[in-house]
Every structure is written in structure tokens, then in C-alpha cells.
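Scroll down for the structure; my scribbles are underneath it.
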Amino acid sequence: KRGLPRQAGHKAGAKVFEDVCDYCLKYGIRYVTFYAFSTEN
């Protein structure tokens, strides 16, 4: 849709994952469940 390579989307998703993990570590959250969905497949 935006004309970016697929890897750019993966990189952006990984950044969000990393940010959430950092937040959890900072606030002592021990367990997190992640779900990832794609509208493309």
C-alpha cells in the first residue's frame, strides 16, 4: 500500500515489540502475550 519493502513493516513491528518489552521490564511485568496479525495473508 505504501510502496515500502516488506522488511520495513517487519522492522516497524519489531520496534513496537521491543518498546513493549522495555516497558514491561521497567514496570516489573513478568508475563506478556503477543499476537500478530496481517491483513495481507
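We did not get these values from a lab; they are worked out from the coordinates using the rules stated. Here the structure is a predicted model, which means the values were calculated and not measured. Here Cβ is always computed from backbone atoms with ideal geometry, including for glycine, and neighbour counts include all displayed protein chains.
Rounded to the nearest 10 degrees, what's the angle between the helix 6-26 long axis and the longest principal axis of the chain, both from Cα atoms, 0 to 90? Long axis of 6-26 versus the principal axis of the chain: about 10 degrees. A convex hull fitted around the alpha carbon atoms of the chain yields 73 Å³ per residue. Working from label points 7 Å from Cα in the Cα-to-Cβ sense, the TYR31 to ALA12 distance is 3.2 nm.
Please return the longest range in the chain lying between exposed loop sites, taking trypsin sites (Lys or Arg not before Pro), DSSP loop only, at most 16 other beta-carbon atoms within 10 Å, and leaving the sites out. Please report the intermediate quantities before stating the final value.
On the way: sites that count: LYS1, ARG2, ARG30.
For trypsin sites (Lys or Arg not before Pro) (loop position, at most 16 other Cβ atoms within 10 Å), the longest site-free span of the chain is 3-29.
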